[in-house]
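The values are calculated or read from the model by the stated rules, or taken from the named source; none is laboratory data. Because the structure is a prediction, the values reported are computed rather than measured. A quick note on method: Cβ atoms are made from the backbone with ideal geometry, for glycine too, and the neighbour counts reach across all protein chains shown. Ligands, DNA and RNA are stripped out before the accessible areas are found, and what is left, the full protein with its side chains, is counted by its heavy atoms. Shrake-Rupley method; radii C 1.70, N 1.55, O 1.52, S 1.80 Å.
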Amino acid sequence: MRTTVGIVGAGPAGLLLARLLHTAGIDSVVLESRDRAYVEQRQRAGILEQGTVDVLRAAGAGARMDREGLRHDGIELRWAGRRHRVDLPALTGGRSVTVYAQTEVCKDLIALQLEEGGPLLFGAEALAVEDAGTARPRIPFRHQGRADVLECDYVVGCDGFWGVSRKAVPAALSRTFERTYPFGWLGVLADVAPSHDELVYARHDRGFALLSMRSPSVSRLYLQVPAGTDAESWGDDEIWAELERRFATDDDWTLERGPITQKSVTPMRSFVHEPMRHGRLFLAGDAAHIVPPTGAKGLNLAVGDVVTFARALVHRRETGSADLLDAYARTCLGRVWQAERFSHDMTALLHRAPDATPFEDRLQLARLERIASSRAAEADLAEAYTGFPLD
Ligand code: RFL
Ligand code: PHB
């Protein structure tokens with residue numbers, strides 16, 4: 001099999017890249033090791049930055065998002081019984097975010113690709129990326145039990161943190177930057193209308209909690225739990241009781257309970273692999289970097305990477321110049337490190353480390369007070385949360 005761009009992985013990065021290349025008239029093949037249902041149902045991100053929304057729309061993948069996505073003009077910070085709303089457009093010159101789940105983004109992009117785009121193979125596991133340092137990189141893969149090889153001009157590794165692409169960068173050239181956290185998130189989906197119309201990020205002495213949503217009738221809620229916690233060790237009533245404690249306010253706000261339909265625990269990690277490019281291999285999304293979910297940045301970063309690659313390849317075709325391809329890693333890493341910084345800071349602001357000292361607790365409260373009382377501090381948060389521009 002032969003194509004211009006071999007794409008490993010059909011998460012949001014790989015699927016959007018295939019769509020962007022298709023609209024630019026560049027052919028690609030996507031290899032995805034899992035089946036379609038798995039990719040469409042894996043519960044993950046919920047928040048799209050304005051820039052991500054604009055990209056999906058321009059790619060012709062925004063119709064259902066525009067109908068069903070929920071535009072949010074604020075988030076609430078909650079601590080010590082207090083509530084503080086951050087007005088996103090007022091602080092950023094009009095920017096907001098959209099609640100539209102990653103599952104739905106993937107469903108929309110898969111449907112478009114199967115209808116109009118190039119091959120998208122499910123159950124196709126890439127075994128390696130070979131000859132990345134040459135003009136003819138290759139991807140050996142297994143599809144429905146048969147061995148095959150995809151020959152390409154370029155390979156984009158969109159295969160997430162556990163994928164094979166990153167391993168094709170020689171160890172002598174690779175550098176990784178990493179932090180693991182001593183806690184994770186227990187996430188639940190519940191069939192109940194969200195108890196607030198905007199997201200609530202809560203800092204509590206017992207740990208962080210987040211109220212989010214998937215639709216006007218489905219809530220998505222998270223609790224900070226110790227690293228390594230088994231989701232099944234938390235009973236449903238116990239989860240609701242703990243959420244109530246951590247979201248408790250001094251006013252008459254209440255948390256509505258409902259049937260929990262899914263629960264799982266996500267570990268938290270910050271991770272960057274440099275460089276993001278080796279020869280004809282380009283890494284994009286979680287394959288190259290991971291952020292803790294507190295800043296809602298992972299999917300949006302993946303979008304930034306593939307937009308940067310697609311633009312660079314179109315530029316190469318139109319002008320013959322490889323300048324933008326050569327600038328890929330530098331361009332992406334600028335945004336990546338800003339998102340790493342913000343995600344780390346939001347995590348530190350709102351989570352309680354198991355060994356937190358009273359001094360650190362007071363600092364957290366002082367930081368929250370600062371955001372609530374200084375427009376500059378609040379605008380700094382709002383700018384990063386709504387996203388750094390793609391250009
Ligand atoms: P993905 O989504 O992991 O997709 C990689 C795909 O590659 C496939 N694959 C292979 N295919 C072929 N051959 C191989 N050898 C392969 N190895 C792997 C995998 O099966 C998979 O389908 O990476 P991608 O596309 O880079 O997308 C990244 C995002 O999924 C991720 O950053 C976000 O979900 C992070 N994230 C959030 N991001 C946001 O922007 N906003 C949020 O609100 C947000 N919330 C979250 C999150 C992530 C979470 N978890 C579970 C980590 C909330 C949570 C709880
Ligand atoms: C989500 O809805 O899954 C979500 C929202 C905001 C975050 C992380 C996850 O910061």
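Numerical summary
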{"item": "Residue list for the stretch 199-228, restricted to those being within 16 Å of ligand 1 (Cβ to nearest atom) and surrounded by fewer than 19 Cβ atoms within 10 Å (Cβ to Cβ)", "result": "Ser215, Val218, Ala227, Gly228"}
{"item": "Residue within the stretch 146-166 that is touching a His at 6+ places or on another chain (Cβ under 8 Å) and open to solvent by 30 Å² or more (accessible area, probe 1.4 Å) present", "result": "yes"}
{"item": "Selection from the stretch 23-78 of residues that are open to solvent by 10 Å² or more (accessible area, probe 1.4 Å), within 18 Å of the chain's Cα centre (by Cα) and of a type in the set (Ser, Thr, Tyr)", "result": "Tyr38"}
{"item": "Condition met for Glu115 (of a type outside the set (A, V, I, L, M, F, W, C), near ligand 1 (Cβ under 10 Å from one of its atoms) and more than 21 Å from the chain's Cα centre (by Cα))", "result": "no"}
{"item": "Count - residues of the stretch 7-57 that are in a loop (DSSP other than H, G, I, E, B) and among the acidic types (Asp, Glu)", "result": "2"}
{"item": "Test for Leu91: is it modelled with pLDDT of 95 or more, part of a strand (DSSP E or B) and either over 30 Å from Pro119 (Cβ atoms) or open to solvent by less than 50 Å² (accessible area, probe 1.4 Å) (or both)", "result": "no"}
{"item": "Hits in the stretch 12-34 (condition: more than 22 Å from Pro140 (Cα to Cα), β-branched (Val, Ile, Thr) and within 13 Å of ligand 1 (Cβ to nearest atom))", "result": "none"}
{"item": "Ala231 being hydrophobic (A, V, I, L, M, F, W, C), in contact with a Lys or Arg (Cβ under 6 Å, 6 or more places away or on another chain), surrounded by fewer than 23 Cβ atoms within 10 Å (Cβ to Cβ) and under 30 Å from Val164 (Cα atoms)", "result": "yes"}
{"item": "Any hit, the stretch 268-287, residues being over 21 Å from the mean Cα position of the chain (by Cα), open to solvent by less than 10 Å² (accessible area, probe 1.4 Å) and closer than 19 Å to Arg78 by Cα", "result": "no"}
{"item": "Subset of the stretch 35-84 (residues that are farther than 20 Å from Lys297 by Cβ, within 16 Å of ligand 1 (Cβ to nearest atom) and touching a strand residue (DSSP E or B) at 6+ places or on another chain (Cβ under 7 Å))", "result": "Asp35, Arg36, Val39"}
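Let's see how each residue does on (1) assigned to a helix (DSSP H, G or I); (2) within 29 Å of Val218 (Cα to Cα); (3) modelled with pLDDT under 95:
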site: Val86; (1), (2), (3): no, yes, no
site: Glu104; (1), (2), (3): yes, yes, no
site: Leu121; (1), (2), (3): no, no, no
site: Glu125; (1), (2), (3): no, no, no
